[in-house]
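J.: Okay, handing you the structure first.
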Amino acid sequence: MSLLVVGLSHRSAPVSVLERAALSVDAQAKLLQDTLAAEPAAEASVLSTCNRIELYADVDKFHAGVAELSTLLAQHSGVGLEELTPYLYVHYEDRAVHHLFSVACGLDSMVVGEGQILGQIKDGLARSQELHTAGRLLNDLFQQALRVGKRAHSETGIDRAGQSAVTFGLEQLAAGRAVDVWAKDKRALVIGAGSMSSLAAATLARAGVAEVVVANRTLERAERLAQILSEPGGTGVAARAVPMDAVGDELTRADVVVSCTGATGLVLTEAQILRATEGRTGGLSLLDLAMPRDIDGAAHRIGGVRFVDIESLAEASADAPMAADVDQVRGIVSDEVAAFGAAQRAATITPTVVALRTMAADVVTGEIARLDGRLPELDEKQRAEITQTVRRVVDKLLHAPTVRVKQLAAEPGGAGYADALRTLFDLDPEAVAAVSRADLNELNEPVAKNRGRAS
């Protein structure tokens, strides 16, 4: 395994750099394709969220891989390599696995323990599967990361260590008051209808706001979210949908605004916010969860406005208490990293073992055919008994060494046992490669059928 990750996050880079480096869905697809075309990379996946951009690849050379992946990130993000480099981090092999598993458990999130990262990992896996840039290593890695994250949330109280960015952001807006007390009877405007915006709308509805207005570029999506919120089986809040060009007018009537869109420019400008605050008797609360930002940063300076964005969330979360469950999750991550490494090392020997057993079966078949020529008088029962006896002898001779070599290969430094096996039995390298290709084709078939449901 030669897993390499190069990336930047809220822990390594200021929000201003993360904002400029944010990748659109199209840019992520192009980055994956260009990474796969690069010489050092055989597989590639991207994990892109509002506060991290990470490029994962299976590389054959470490230094060349770091240089190539860093250059590609700079090219596709639009941030110059010299400017970007100081903020990049690099993890290799087991450390890269440890990093992704920690991310999946919420240990590396802006708000420790938040679970939305699992959906973003799932999206990254689905995208690389769709573009056929993920092979066996990255398929195994991302699917196992999803399982580890779910295990952490089900077996520990990591959820108590922090909340989703939505909940944490609303708590910052409430400034020490209980969110349900602060939100009661307020009018809320939610801009966007994606997963984060939907969560924000539902959270505000459950907190007791009087009305939720949903604005989205695709009005049908806004209408669907509004319908779900207002249905008796939903939150039962009064909810309606408006097109994006109505945001300015709705802003003047709203008490709290949450925005999280994929727009590349500002959704709320300083001028719009100023107009919305003219003659207002109550304050205006703004929560911007988008990257790049949706709301003009000048909102911090406008009187009567309480503004919380990704940057202020990062500062606030730095002082949040760590739950005791975090240590338990770290233990889970360490155990899972060791198990994943052992499984990957053991898997490297499998094609060689299969090729060895195939060669042995071919030898048996050839010898039985030769025996038929020498002893044509053998009847079917005699021939079958001889064939079965020879096969049992071969199986018994191969059983102990093949089982033992799989055990040894799972240990650190065990990759050399596959080479030794190929050398000792003079196995055809192409025969081993053919087994690997067949395994990969078998892997991709169910992946294509279950795309988007990886877990």
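The values are calculated or read from the model by the stated rules, or taken from the named source; none is laboratory data. What you see is a predicted model; the values in this text were computed from it and never measured. Note: ideal-geometry Cβ built from the backbone for every residue, glycine included; neighbour counts use all protein chains shown. The area values use the complete protein model at the heavy-atom level, side chains included, leaving out ligands, DNA and RNA. Shrake-Rupley method; radii C 1.70, N 1.55, O 1.52, S 1.80 Å.
J.: The stretch 113-131 to the stretch 44-103: how many Å between their Cα centroids?
T.: 16 Å
J.: Between Ala246 and Thr387, what is the FRET efficiency for a Förster distance of 60 Å, r being their Cβ-Cβ separation, to the nearest 0.05?
T.: 0.15
J.: With label points built 7 Å along Cα→Cβ from the Cα atoms of Arg20 and Asp60, find their separation and express it in nm.
T.: For Arg20 paired with Asp60, the spin-label model returns 3.6 nm.
J.: Using only C-alpha atoms and all pairs of different ones, pull out the Kirkwood radius for the stretch 33-120 in Å with one decimal.
T.: 13.9 Å
J.: I've got another one for you. For Leu81 and Glu315, calculate 0.36 nm times their separation in residues minus their Cα-Cα distance, and state this gained length in nm to one decimal. Let's see the in-between values first.
T.: Values: separation 234, 0.36 × 234 = 84.24 nm, distance 2.66 nm.
Answer, rounded to one decimal: 81.6 nm.
J.: Excluding Glu311 itself, what net charge comes from residues whose Cβ is under 12 Å from its Cβ, given Lys and Arg +1 and Asp and Glu -1?
T.: Its environment carries a net charge of -3.
J.: Out of [x] 19.9; [y] 21.9; [z] 27.7, which label holds the value of mean projected area of the Cα convex hull in nm² that was computed here?
T.: [z]
J.: What residue among Val237, Ala361, Thr218 has its Cα farthest toward the positive end of the dipole of the chain, where the charges are +1 on Lys, Arg and -1 on Asp, Glu, each on the Cβ?
T.: Positive-most Cα among the choices belongs to Val237.
J.: Then there is this: For the stretch 189-281, how big is Rg over Rh, using alpha carbon atoms and the Kirkwood form of Rh? If you can, show how the numbers build up before the last one.
T.: Numbers: Rg = 12.7 Å, Rh = 13.3 Å.
Result: Rg/Rh = 0.96.
J.: Taking all protein chains as present, what is the carbon and sulfur share of the accessible area of the stretch 1-109, in % to the nearest whole number, probe 1.4 Å?
T.: Of all accessible area on the stretch 1-109, carbon and sulfur atoms account for 51 percent.
J.: Can you show me the helix-derived [θ] at 222 nm for the chain, built from DSSP H runs with n ≥ 4 at -39,500 (n - 2.57) apiece and divided by the number of residues, rounded to the nearest 500.
T.: -18500 deg cm²/dmol
J.: Output the 0 to 90 degree angle, nearest 10, between the alpha-carbon long axis of helix 195-207 and the longest principal axis computed from the alpha carbons of the chain.
T.: The angle comes out near 50 degrees.
J.: Please state the shape class of the stretch 1-48: rounded when a/c is under 1.5, otherwise prolate if a/b exceeds b/c and oblate if not, all from the C-alpha gyration tensor. Provide the component values of the computation, followed by the final result.
T.: Working: a/c = 2.96, a/b = 1.55, b/c = 1.91.
The shape class here is oblate.
J.: Under 11 Å from the Cβ of Thr269, count the other residues' Cβ atoms, weight Lys and Arg +1, Asp and Glu -1, and hand me the total. Present the calculation step by step, with values, prior to reporting the outcome.
T.: Working: positive: Arg275; negative: Glu270, Asp294, Asp296.
Around Thr269, the charge tally is -2.
J.: What are the semi-axes of the equivalent ellipsoid of the stretch 194-351, taken as the square roots of 5 times the eigenvalues of the Cα gyration tensor, listed largest first and rounded to whole Å? All intermediate terms of the calculation are to be shown ahead of the outcome.
T.: Values: eigenvalues 300, 88, 57 Å².
Listed largest to smallest, the semi-axes of the stretch 194-351 are 39, 21, 17 Å.
J.: Considering only protein heavy atoms, with the full assembly of protein chains and a 1.4 angstrom probe, order Arg422, Arg11 by accessible area, largest first.
T.: Order by accessible area, largest first: Arg11, Arg422.
J.: Round to the nearest 0.05 the FRET efficiency obtained for Glu367 and Thr218 when R0 = 41 Å and r is the Cβ-Cβ distance.
T.: Using R0 = 41 Å, I get an efficiency of 0.05.
J.: If you find the alpha carbon centre of the stretch 255-312 and of the stretch 179-197, how far apart are they in angstrom?
T.: 14 Å
J.: Now for a separate question. Angle, helix 429-449 long axis vs. longest principal axis of the chain, Cα atoms, 0 to 90°, nearest 10?
T.: 40 degrees
J.: For helix 136-155, what angle does its Cα long axis make with the longest principal axis of the chain, in degrees from 0 to 90 and rounded to 10?
T.: For 136-155 against the chain, the angle is about 60 degrees.
J.: What is the sum of charges around Arg374, taking Lys and Arg as +1, Asp and Glu as -1, for the other residues whose C-beta is under 14 Å from the C-beta of Arg374?
T.: Numbers: positive: Arg370, Arg383; negative: Glu367, Asp372, Glu377.
Net charge in that neighbourhood comes out at -1.
J.: For all pairs of alpha-carbon atoms in the stretch 119-243, what percent lies in each bin of width 5 Å, listed from the first bin to the last filled one?
T.: Percent of Cα pairs in each bin: 2, 10, 15, 15, 14, 14, 13, 9, 4, 2, 0.
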